[in-house]
1. Between Leu671 and Leu548, what is 0.36 nm times their sequence separation minus the Cα-Cα distance? Round to one decimal in nm.
2. Principal axis extents for the range 349-491, Cα atoms only, whole Å, descending order, please.
3. May I ask for the Rg/Rh ratio of the range 571-710, computed from Cα atoms with Rh as the Kirkwood radius, given to two decimals?
4. Please report, to one decimal in angstroms, the Kirkwood hydrodynamic radius of the range 209-330 built from all distinct Cα-Cα pairs.
5. If you line up the Cα atoms of the range 659-710 on their principal axes, what length do they span on each, largest first, in Å?
6. Tell me which residues come under 5 Å, amide H to amide H, from Tyr608 once H is placed; ignore anything under 5 positions away on its chain.
7. Using a ≥ b ≥ c from the Cα gyration tensor of the range 311-432 (square roots of the eigenvalues), is it rounded, prolate or oblate, where a/c under 1.5 gives rounded and otherwise the larger of a/b and b/c decides, a/b for prolate?
8. So how much slack lies between Leu612 and Ala309, counting 0.36 nm per residue of separation and subtracting their Cα-Cα distance, in nm?
Amino acid sequence: MKLKLNLLMLAAFEAAAVVALMGCGGASLDTVAAAGPDATPAPAPAPGPAPAPGPAPAPSPGPAPAPAPAPAPAPAPAPPAAPSAAVTRGAAVYVSARCGTCHGNDPAAKSLGIDRGTSAAALSAAYVKVGAMAGFQTSLTAANNADLAAYITSRVAPAPAPAPSPAPAPAPAPPAAGAPVASNFACSSAEAEKNSSAALTRLTGPELRNTYAATLPTAVWTGLASSLYMLPPDTLDGRIENLVGTYTEDTANQISRFNEQVANQLTATNANVSAFFGSCASLTAFPKTCFDAFLTAKGPSLFRSAVTAADNSMLWSVVSQAGGVPDQLKTLSQLVFNDPRFTYHLELGAGTADASGMVALTSYEVANRISYGMTAAPPDATLWADAVADRLKTLPVVNTHVDRIAATPAYKNRITALMKFYIGTEKANPAPTHAEFMNGVSPTDLNLAATDEFNDYINQVIFTQQGTLRDLFTSRATFPRTPALATVMGTSVWSSGAALSAPNHAGLLARPYLYLLNDPNLKLVQRGKKLRINMLCSVVPEPTAQDLAGRPLLSGADLTSLNRRDYIDKATLGPASCSSCHSKLNQLGFATENYDSIGRFSRTEKIYNNNLVKVAEFPALSTSTPAITASDTRTFVNMNDFQVALSQSDALQQCFTQKAYQFLQRRAENLATDSCRLKKMDTALKSNLPLASFFLENFKQPSVLYKRNQ
């Protein structure tokens, strides 16, 4: 048989949910938090009074129902009534089947559409619809399903009658253009210095690709090259999101379709089968002993956690029903690669919460947090060995691994990706092909050369030089690997050895990587907006239709008679609704005017019309009054002075801290619980700590060992 698995989170039973067989289908996701390789499933709690309905906890009554007849036949159960025998039995099924791992301890929370399972027929339909729940078709009887539906029904309170709509509150005033998103990080001495975190966060597209590559045989991974487009790209472009909320049906289907291709590749040849499933496996034979050996050898790395006897039993109960060995192997492949322990970051913790609501992570979870945070990939063999041995319980042991991983190319690539996230440019644009503008510089692959130069610059300042934030914005090091980029940088070609020194390209804001644009005309306002949003973490609202309609109309004569600055100011600073934003954007963009659309330093600016015919040429000015903060009225005569002041500003330092934390923690910060960590990082950055050490502070704090119990 062909088992189709669906990974959709957020949806109800009929839509597909991330209720994988290994979590809600019988095996316990609680065992993910087991302490070591020999962990066994936690015993199911006695059905007892909890979680059955009754005094603890009763559904929230909400507003009193309206006098109109309530929808029959589902009135709220009277609190004094004892639960029926079916409800009590259903509560036991809910616990023993471990449905609460995905749906929560109480169906009253209506998590992942559990409130729709109010009949045996609805539950049975869900088992068919959601492939990952297929195990319930055989592991639960018709009587089990009837009891489970009765229990779910008892816990799902009817919707309260709608209350009269209150008068709408006045809309809050929008933040002032250019205002920073976050204020200074405040930390009270009583606040626990530990992470808040979600228990369930999807791997990003890059993390998924790295995880597949580390898990699959080389031949299989190579064979999947043409299918990688199916995986979600998850481009950041200067933003970070909690990926629990972005697990859409499209994303689920992408991953599910990709896993079908994985299964096809794994079973394409006997060589692929034996390379992944073990030498005892072939397209004609896969005995239970071979299955057991595979799960023992590969299961922990696939699930990034301990594998239990219950896991084995549930997997085999589904695999053994498939018709023929090839289908058995394909079924097993899709079961393990669609399992939430493969596609998600699971942080359930071990034991009970402390007084501040913190739960210690298991060694497996600590290993995953360190490895994915530092390399966007699964733990390597050395880190994994300590996870299996349950040794990742103290900072000295963890810090040994952090220091070791920090010396790897994967970590350095991760920090380079962080810097691209910080500046809001994940990929350089192609260069213009306009011959007159390029003036002999070949546009071919100039964006690739500029990317290499940016990567080399980050590696030089942060790791080789052990530089500070100021060094990042002032170093003249450059690494142009091609003649075209060497011309742009005003140096010879670099091939190896010490960095070259660029006379007019000092600092982060002088990298051609930032400025490449397939248009010879400068986009100074867009540059200013990008700097303001990404590097100063400021709010810049989009213009409304009314704003755009109120712009002054400029003539063709303006294009040829006004220099670029005057032209932009005339177009944007007239109406008050425009000037409130553009007064914060234009001057920031003007600070970059000496760098043209390939990042070449230039003292002139050429103006082209819509047909790319040059119509004017003006001196490129170097002065600007960029208002780094609202009260800043300083004028800078060149980019160098501006970058020094920028690197020393609280606004930039705080934004740099905030975005580094977001990227390395793989989530948006929660100022209510993360401010102490952010404050410590911000203080370290302002003390001129080398950036290499600053980034490692994310992984060398007590917070790496804990999660907040949510």
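The values are calculated or read from the model by the stated rules, or taken from the named source; none is laboratory data. Values in this document were obtained by computation on a predicted structure and should not be read as measured data. Cβ sites come from the backbone with ideal geometry, for glycine too, and all protein chains shown count toward neighbours. The protein model used for the area step is the full one, side chains on, heavy atoms only, and it has no ligands, DNA or RNA in it. Shrake-Rupley method; radii C 1.70, N 1.55, O 1.52, S 1.80 Å.
1. 40.8 nm is the gain from fully extending Leu671 to Leu548.
2. For the range 349-491, the Cα spread along each principal axis is 69, 31, 27 Å.
3. Rounded to two decimals, Rg over Rh is 1.11.
4. Every distinct Cα pair counted, the radius reaches 16.0 Å.
5. Dimensions of the range 659-710 along the principal axes of its Cα atoms: 36, 19, 17 Å.
6. Residues meeting the criterion, in which the H sits 1.01 Å from N, are Val615.
7. Verdict is oblate for the range 311-432.
8. 102.1 nm
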